[in-house]
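Visitor: Pasting a structure below so you can have a look.
The values are calculated or read from the model by the stated rules, or taken from the named source; none is laboratory data. This structure is a prediction, so every number in the text was calculated from the model and none was measured. Cβ: placed from backbone, ideal geometry, glycine included. Neighbour counts: every protein chain shown. Ligands, DNA and RNA are stripped out before the accessible areas are found, and what is left, the full protein with its side chains, is counted by its heavy atoms. Shrake-Rupley method; radii C 1.70, N 1.55, O 1.52, S 1.80 Å.
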Amino acid sequence: MQLNRDELLKAYRDMATIRRFEERVQEEFSKGGIPGFVHLYAGEEAAAVGVCSHLGSRDYIASTHRGHGHSIAKGCDPVLMMQELFAKKGGLCGGKGGSMHIADLDRGMLGANGIVGGGPPLVVGAALTAKTLGRGTVAVSFTGDGGSNQGTTFEAMNMAVVLKLPAIFVFENNQYGEGTGVGYAVGSHDIAGRAAGFGLPAVKVNGDDFFAVHEAADEAIGRARNGGGPSAIEVDTCRFFGHHSGDAQLYRGKDEVKRLREERDCIANFRRRVSEAALLETDALDAVDAEVAALIDRAVATAQEAPLPPESALLTDVYVSY
């Protein structure tokens, strides 16, 4: 599937925005400006962007505790996201959700989730609604290799098959569930193969390659939109930071992260591919990098200057009124 110039530039912009956002969050968190914990997505950008580039505003996604990348790929505003992380008024959730619960329902982002394996059941509900109302939309869950072992995930895949729902289960296998290696924690050693056992098409793709993820997502999402039911995609990827910011990563081998950054950087691979194929010029990519850097600088400045939520907001947004 050949992408045109505008599509390639958007894909690069989205991946570059995620990377710079996460690098800056790491900086600001280290300075003490961001409360709570943050779980950074840097290194996995091709997964979120490769999938979400096929989605519209009426399609839904559910995320994980590592949700910033999914949010940006789905179209959430990085400026409002940064305000949310800083716990400031004007953030996507009023400064009260923070990193692990960031959401934007208007953009089809059902939320990051501190519950491991909490996303797939939400996606089954969204997909059931889409099918029942004949909307022609799909719902996608992003789940890590750790969450792939959860009973909620198994039940969600089974129900999606039984009801033939327009749901796509994306498993981002970044090799570690917190600090436990996937080779130990996944008994079958094959997340996609295990998903296929529930009766849905399942493939494993290289997360270092945006185009491989994009092609697999195109097939799965197209199938779902056309009434073909659910699919699963295992994305073999890696994270450049620890489980959370400040994680000492004693479970990783010597120079492992250095090697991953040199050999498995999906953004560097994208730049090389499009440059060698003469699809985009280096100057155009550099211009995007400059624009993204300015955007993230503005996001941080806005967040730092924004006021805290008022005390009167403490008990608002606790219950939903229908």
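Visitor: So which residues in the range 99-113 are under 19 Å from PHE171 (Cα atoms) and open to solvent by 40 Å² or more (accessible area, probe 1.4 Å)?
Guide: Of everything in the range 99-113, those that are under 19 Å from PHE171 (Cα atoms) and open to solvent by 40 Å² or more (accessible area, probe 1.4 Å) turn out to be MET100, LEU110.
Visitor: Would you say ARG66 is among the charged types (D, E, K, R), under 24 Å from ALA42 (Cβ atoms), touching a Ser or Thr at 6+ places or on another chain (Cβ under 7 Å) and modelled with pLDDT of 95 or more?
Guide: No.
Each row is one residue, and each column tells you yes or no for (1) under 24 Å from GLY114 (Cα atoms); (2) in contact with a strand residue (DSSP E or B) (Cβ under 8 Å, 6 or more places away or on another chain).
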| position | (1), (2) |
| --- | --- |
| GLY197 | no, no |
| ALA212 | no, yes |
| ASP218 | no, no |
| THR237 | yes, yes |
| TYR251 | yes, yes |
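Visitor: In the range 108-122, how many are within 14 Å of the chain's Cα centre (by Cα) and over 18 Å from HIS39 (Cβ atoms)?
Guide: Of the residues in the range 108-122, 2 are within 14 Å of the chain's Cα centre (by Cα) and over 18 Å from HIS39 (Cβ atoms).
Visitor: Between HIS54, HIS68, which is of a type outside the set (A, V, I, L, M, F, W, C), touching an Asp or Glu at 6+ places or on another chain (Cβ under 7 Å), more than 18 Å from SER245 (Cβ to Cβ) and in contact (Cβ under 8 Å) with a residue 12 or more places away in the chain?
Guide: Just one listed residue meets the conditions, HIS54.
Visitor: State the number of residues belonging to the range 100-114 that are of a type in the set (Gly, Ala, Ser), under 22 Å from LEU55 (Cβ atoms) and in contact (Cβ under 8 Å) with a residue 40 or more places away in the chain.
Guide: Total satisfying the criteria: 3.
Visitor: I need every pair where a residue in the range 137-166 that is at positive phi has its Cβ under 6 Å from the Cβ of a residue that is open to solvent by less than 40 Å² (accessible area, probe 1.4 Å) and of a type outside the set (A, V, I, L, M, F, W, C), sequence separation at least 6 or different chains.
Guide: Once the first residue is at positive phi and sits in the range 137-166, its partners that are open to solvent by less than 40 Å² (accessible area, probe 1.4 Å) and of a type outside the set (A, V, I, L, M, F, W, C) give LYS164/GLY229.
Visitor: Which residue is most open to solvent (accessible area, probe 1.4 Å), if the candidates are limited to the range 183-194 and must be in contact (Cβ under 8 Å) with a residue 40 or more places away in the chain and in a helix (DSSP H, G or I)?
Guide: ARG194
Visitor: Can you tell me which of (1) within 19 Å of the chain's Cα centre (by Cα); (2) more than 25 Å from PHE210 (Cα to Cα); (3) part of a helix (DSSP H, G or I) is the one VAL161 doesn't meet?
Guide: (1)
Visitor: Collect the residues in the range 36-50 that are at pLDDT 95 or above and open to solvent by 10 Å² or more (accessible area, probe 1.4 Å), keeping them in residue-number order.
Guide: Listed by number, the list holds a single entry, HIS39.
Visitor: A follow-up question, please. For residues that are under 20 Å from SER275 (Cβ atoms) and assigned to a loop (DSSP other than H, G, I, E, B), scanning just the range 1-35, find the one that is modelled with the lowest pLDDT.
Guide: Result: MET1.
Visitor: Counting only residues that are open to solvent by less than 10 Å² (accessible area, probe 1.4 Å) and among the β-branched types (Val, Ile, Thr), how many does the range 153-182 have?
Guide: 3
Visitor: Does any residue of the range 69-80 turn out to be of a type in the set (A, V, I, L, M, F, W, C), modelled with pLDDT of 95 or more and over 15 Å from the mean Cα position of the chain (by Cα)?
Guide: yes
Visitor: For LYS31, which of the numbered conditions (1) among the basic types (Lys, Arg); (2) in contact with a helix residue (DSSP H, G or I) (Cβ under 9 Å, 6 or more places away or on another chain); (3) surrounded by fewer than 24 Cβ atoms within 10 Å (Cβ to Cβ) fails to hold?
Guide: (2)
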